[in-house]
Amino acid sequence: MPIIARKDKDDSPLSAKGVEFTLLSIFPRKGGGSARAGGSVHSIPSSSSGRSSSHGVYSGSSSSPRFIPPGSSGRSIPYASRSSVGYCYGNGCTAGRVGSYNAATSANAGVPRGLVPAPLAFQGRPQGGVGRSDIYGTARYGSGITGGYSPRPSYAGGTTAGYGFPFVYWPVSWPGYPDAGYYGSGAYNRTDRPGGAISVHVLGVPPGVNQTSNNFMLYGDANSNTAILKHLVPNCNVTWNSQPLFGVNPRQAVQYYRGSSYVLLLQGYNNSQPDSYTTNNATVITTPVTPLPSTVNMTYFNCLNRTLGMDLPLPYEDSAGTVVKNAALGMAGEPMMALQTAWVAILLVVLVQLLGR
């Protein structure tokens, strides 16, 4: 059970182990090129079906091909629905495409470690290999980049420039910073990011919880926001529609998730983390994190934090074999497979020569 309502040692302050809404997109851009952080906010149209209608178990034709994401309840969904965003089945919801993979809230193991294939952005960087057990970072940007992707401890913050993507998703980018952005986040200010452009959603509190002192915001890719709300609404009784927006900055971060690719913000909160543009990979941030204000409803917060840890979408390999990787990059990421392929080729040559005699 994740609990991050306390201030622990300096190595784990605020640590955690454990639709129909108005979605607002940040950083509107033309094309997919890298750019400086910054930009305006605009609304994205959304559908408007009922609150409970999307939580039913799928029941389709028995002749439809199906697949089961790792870690799911055992229920499956048809091919036609595997890439739709927010389509719910059993205890999980789909979350669209993530690079060369699909994503779902029920995926637990992640995908095998390999390299980002061409022609995707950041091709050749390592990606994957990390699953839900490592989904929590801290309140420091750059935390949670684990699995050998960063030399610093997973609780520590720092630049994200040049690193790979343990969960395939890219680290979030922050508006209002010049050049390389906040700790290298400017490189990820792109509209072709896995899961879609950075979007926000201010959560409406359940009855009995004060909105002003518990004004939490979801900040991450659009598909993840859509999918996770399908879990937050029934689990924590938040409202579907977004509350009025507030200006965002990294010091409002309460908790990073999934290799700093997703974050929960709190309006008016200051986590006391440094404000820097550095991209120096030697930078290690262990500045103590300010405890949450006493006015925060910890029962509500713990529900949000627990649900995000359990249900934030992760990529998975399609068991039907629809994921197509660049062969050369795939082999480079899997040296044993390359060696086995070489031996098979040699044996085939020898066999052909023997048969020709």
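Got at least one residue in region 286-298 being in a strand (DSSP E or B) and either modelled with pLDDT under 95 or surrounded by 23 or more Cβ atoms within 10 Å (Cβ to Cβ) (or both)? Looking through region 286-298, none of the residues is in a strand (DSSP E or B) and either modelled with pLDDT under 95 or surrounded by 23 or more Cβ atoms within 10 Å (Cβ to Cβ) (or both).
So which of V111, V116, V130 is in contact with an Asp or Glu (Cβ under 8 Å, 6 or more places away or on another chain), in the same structural domain as G186 (by TED's automatic domain parsing) and of a type outside the set (G, A, S)? Residue meeting the stated conditions: V111.
R51 satisfies every condition listed in (1) charged (D, E, K, R); (2) buried (at least 17 other Cβ atoms within 10 Å of the Cβ); (3) modelled with pLDDT under 55 except (2). Taken over region 165-187, the criterion of being modelled with pLDDT of 95 or more and either not in a loop (DSSP other than H, G, I, E, B) or not assigned by TED's automatic domain parsing to the domain that holds N241 (or both) is satisfied by F165 alone.
Each residue in region 188-199 was checked for being among the aliphatic types (A, V, I, L, M) and outside any loop (DSSP other than H, G, I, E, B), and 1 pass. Residues in region 187-210 that are farther than 24 Å from K230 by Cβ and buried (at least 24 other Cβ atoms within 10 Å of the Cβ): Y188, N189.
Among the residues making up region 258-278, those that are among the polar types (S, T, N, Q) and surrounded by 20 or more Cβ atoms within 10 Å (Cβ to Cβ) are S260, S261, N271, Q273.
Every condition in (1) out of contact with any strand residue (DSSP E or B) (no Cβ under 7 Å at 6 or more places or on another chain); (2) part of a loop (DSSP other than H, G, I, E, B); (3) closer than 29 Å to S150 by Cβ is met by G204 except one, and the failing one is (3).
The values are calculated or read from the model by the stated rules, or taken from the named source; none is laboratory data. As the structure is a computational prediction, the values presented were derived from the model and not from experiment. Using ideal geometry, Cβ is built from the backbone for each residue, glycine included, and neighbour counts are taken over all protein chains shown.
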